[in-house]
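Asks: Structure incoming, see below.
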Amino acid sequence: MTKLIKNGKVYIDGKWQDVNIFIEDERFAYIGKEEKAADEIIDANGLKIIPGLIDPHVHFALYCGTVTSVDDFESGSRCAAYGGITTIVDFLDPTRNARKLERSFYDRLQLAKKCHVDYHFHACIKEPDSDLEQYVLMMKQLGMNTIKLFTTYSETRRRTYDPDIIKLLELTKKYNFLVTAHIENDELVTLKPEYACTYIAEARPSECEYTEALKLAGFARDTQGYLYMVHCSSGETLQRLINQYGDILGKHFYVESCPQYFTFNKEVLNSEKGYLYTFAPPLRSKEEQELLIKNIKYVNTIGTDHCSFMSEDKKSHPSLVGHPLGIGGIESSFIILHKQFGDQIIDKMSKNVAKLNGFSKKGSIEVGKDADLAFIKEVPEYELGKPHGTCDYSIYEGIKLNEKIVHTMLRGKFILKDGEFLGGQGELINCDKEVKF
């Protein structure tokens with residue numbers, strides 16, 4: 001079935017263009033002024049049309065040691081559709097060798113089959129106990145191009161240590177993949193049984209992040225390997241990277257941040273419901289938040305780190321040790337940041353993500369690419385409410401906005417239309433054989 005979308009303002013190459021979009025066989029087949037004959041004509045008058053967004057950082061159905069995050073692939077991807085997100089990247093369970101990586105991949109694949117949007121996985125390594133090159137080759141064989149590691153969480157044996165990080169960075173040049181890292185200095189993390197969960201900013205201070213980020217940036221410069229920092233939380237971290245490693249930023253060292261760090265600061269942890277704002281790395285000071293906002297142009301991608309828990313799960317684990325760290329946010333991420341930063345946020349949630357992950361059929365409105373779209377409408381001011389997933393709250397509730405995602409299209413089919421969720425059937429997407437950073 002062919003479709004023609006006309007009369008919308010279409011975001012192409014950083015500009016809004018008055019063009020028609022012709023879709024055939026789930027792909028963009030024509031983009032231009034001509035009104036081609038089609039089986040279905042969609043009038044997008046008054047709407048802005050952007051590429052389907054890509055969230056490179058979600059945790060659906062993640063067991064955190066005490067409880068499991070409540071949005072699974074079905075409910076989490078439903079929220080994604082409401083947010084204009086048509087592709088998500090989740091994480092495999094951390095593994096120590098190639099054999100366990102393969103098993104982890106197929107276990108996760110079974111869970112993802114009920115996903116309403118397209119999906120992909122990051123390989124995830126911990127305390128490797130075998131040949132790292134074999135691990136990389138297995139990752140490539142399974143269609144992935146990213147390996148997630150942690151420089152912290154030694155208490156749960158998830159940490160990867162410096163010699164292995166350096167070796168992986170060296171391998172990125174040979175096999176052209178990306179090391180993605182949760183970057184905190186494990187030695188500076190202080191976890192004591194008496195700490196309340198709202199003490200997290202003191203237990204995991206900014207120094208914890210920027211000292212480790214600078215060290216790993218040095219590794220990336222020395223090896224000329226490819227490194228991606230997930231969820232940068234502090235403007236202090238980003239400013240120090242700009243000052244000391246500006247020559248490799250956006251070339252060998254890439255930075256992801258999340259909506260929560262631009263929207264809130266650690267003062268909310270002192271509020272009555274501060275326990276709802278707990279995640280790692282934690283919120284930072286107002287000054288660090290403002291510095292992060294100031295340097296938004298150096299942030300390459302936005303990921304939500306969506307990992308939602310019921311409010312009672314957060315409240316009933318008041319101690320930092322054993323507290324379920326994580327929040328939801330996939331549904332409202334784009335619309336909040338678009339209000340704050342304007343159109344510069346679009347590429348950070350589409351084109352840039354596709355490039356770094358090797359999704360050549362995603363991320364922009366171009367002939368031959370998957371017909372993934374999000375439609376934005378200006379509306380009278382309203383307040384964000386509860387999300388459309390399983391979680392019973394969102395930290396973004398009450399934020400005032402004047403735009404909404406009214407339609408979301410996955411490979412030429414509406415999965416959200418006029419604000420009504422229709423559902424979809426997501427597919428596993430693999431990375432390109434050759435990725436160019």
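The values are calculated or read from the model by the stated rules, or taken from the named source; none is laboratory data. All values reported here derive from a predicted model rather than from experimental measurement. Just the protein is used for accessible areas: all its heavy atoms, side chains included, with ligands, DNA and RNA removed. Shrake-Rupley method; radii C 1.70, N 1.55, O 1.52, S 1.80 Å.
Asks: Take the alpha carbon atoms of the range 243-263, find their center, do the same for the range 279-314, and report the distance between the two centers in whole angstrom.
Replies: Between the Cα centres of the range 243-263 and the range 279-314 lies a distance of 13 Å.
Asks: Using a 1.4 angstrom probe, figure out how much accessible area the range 178-305 has per residue, in square angstrom, rounded to the nearest whole.
Replies: On the way: 4500 Å² over 128 residues.
With the other protein chains kept in place, the range 178-305 gives 35 Å² per residue.
Asks: Also, quick follow-up: Averaged per residue, what accessible area in Å² does the range 308-405 show with a 1.4 Å probe, protein chains only? Don't jump to the answer; show the numbers that get you there.
Replies: Numbers: 3790 Å² over 98 residues.
That works out to 39 Å² per residue.
Asks: Now a separate question. If I take every Cα pair under 8 Å that is 6 or more residues apart in the range 324-437, average their sequence separation and divide by the length, what percent do I get for the relative contact order? Provide the component values of the computation, followed by the final result.
Replies: Numbers: 157 pairs, mean separation 29.9, N = 114.
Reported relative contact order: 26 percent.
Asks: What's the angle, to the nearest 10 degrees (0 to 90), between helix 206-223's Cα axis and the longest principal axis of the chain?
Replies: 80
Asks: Would you calculate a helix-derived [θ] at 222 nm for the chain, using -39,500 (n - 2.57) for each DSSP H run of n ≥ 4 and dividing by the full residue count, to the nearest 500? Provide the component values of the computation, followed by the final result.
Replies: On the way: 13 runs with 122 residues, N = 437.
The per-residue figure over the chain is -8000 deg cm²/dmol.
Asks: Let me ask you something else. Per-residue HN-Hα couplings for the range 299-308, Karplus 6.51 cos²θ - 1.76 cosθ + 1.60 at θ = phi - 60°, whole Hz, x for Gly and Pro?
Replies: Taking θ as phi minus 60°, the curve returns 7, 7, 9, 10, x, 8, 6, 4, 8, 8 Hz for the range 299-308.
Asks: For the range 192-200, in order, what is each residue's ³J(HN,Hα) by Karplus, 6.51 cos²θ - 1.76 cosθ + 1.60 with θ = phi - 60°, in whole Hz (x at glycine and Pro)?
Replies: Calculated HN-Hα couplings, in order: 10, x, 7, 6, 6, 4, 6, 8, 5 Hz.
Asks: For the chain, set up a GNM with springs between Cα atoms under 10 Å and report which of Thr95, Thr87, Thr156 has the largest fluctuation.
Replies: Checking each option, the largest mean-square fluctuation is seen for Thr156.
Asks: Quick one: if you take sqrt(5λ) for each eigenvalue of the C-alpha gyration tensor of the range 219-349, what semi-axes come out, biggest first, whole angstrom?
Replies: Working: eigenvalues 150, 56, 39 Å².
Each semi-axis is √(5λ); the values are 27, 17, 14 Å.
Asks: For the range 18-92, what does the accessible surface come to per residue with a 1.4 Å probe? Please give it in Å². List each step's numbers first, then the result.
Replies: Numbers: 2620 Å² over 75 residues.
With the other protein chains kept in place, the range 18-92 gives 35 Å² per residue.
Asks: Express the carbon and sulfur contribution to the solvent-accessible surface of the chain as a percent, rounded to the nearest whole number, probe 1.4 angstrom. Before the final figure, lay out each step's value.
Replies: On the way: 7930 of 17140 Å².
Percent of accessible area from carbon and sulfur atoms in the chain: 46.
Asks: Expressed as a whole number of Å, what is the distance separating the alpha-carbon centroids of the range 319-384 and the range 4-83?
Replies: For the range 4-83 versus the range 319-384, the Cα centre distance is 10 Å.
Asks: Let me ask something additional. From the P(r) of the range 1-68, could you give the percentage of C-alpha pairs in the tail past 20 Å? It would help to have the intermediate numbers written out before the result.
Replies: Values: 976 of 2278 pairs.
Above the 20 Å cut-off, the range 1-68 has 43 percent of its Cα pairs.
Asks: For the pairs Lys140/Lys436; Lys167/Lys355; Lys6/Lys297; Lys314/Lys386; Lys9/Lys33, flag any whose C-alpha to C-alpha distance is greater than 21 Å.
Replies: Details: Lys140/Lys436 15 Å; Lys167/Lys355 24 Å; Lys6/Lys297 32 Å; Lys314/Lys386 17 Å; Lys9/Lys33 12 Å.
Violating the 21 Å Cα-Cα cut-off are Lys167/Lys355; Lys6/Lys297.
Asks: Round to the nearest 10 and give me the degree value, 0 to 90, for the angle of helix 98-112's Cα axis relative to the longest principal axis of the chain.
Replies: Tilt relative to the chain: about 40 degrees.
Asks: If you don't mind, another one. How big is the convex hull of the Cα atoms of the range 8-117, per residue, in Å³? Present the calculation step by step, with values, prior to reporting the outcome.
Replies: Numbers: hull volume 17.5 nm³, N = 110.
Output value, Cα hull per residue: 159 Å³.
Asks: Kindly express, to the nearest 10 degrees and within the range 0 to 90, the angle between helix 73-82's C-alpha long axis and the longest C-alpha principal axis of the chain.
Replies: Between the helix axis and the principal axis of the chain, the angle is about 50 degrees.
Asks: With only alpha-carbon atoms counted, please give the Rg and Dmax of the range 59-153, in Å.
Replies: When restricted to Cα atoms, the range 59-153 yields Rg and Dmax of 13.9, 42 Å.
Asks: For Rg/Rh (Cα atoms, Kirkwood Rh), pick the label among (1) 1.23; (2) 0.95; (3) 1.11 that corresponds to the value derived from the coordinates.
Replies: Recomputing Rg/Rh (Cα atoms, Kirkwood Rh) here picks out (2).
Asks: Let me know the whole percent of all Cα-Cα pairs from the range 292-415 that are separated by more than 17 Å.
Replies: Numbers: 5088 of 7626 pairs.
Above the 17 Å cut-off, the range 292-415 has 67 percent of its Cα pairs.
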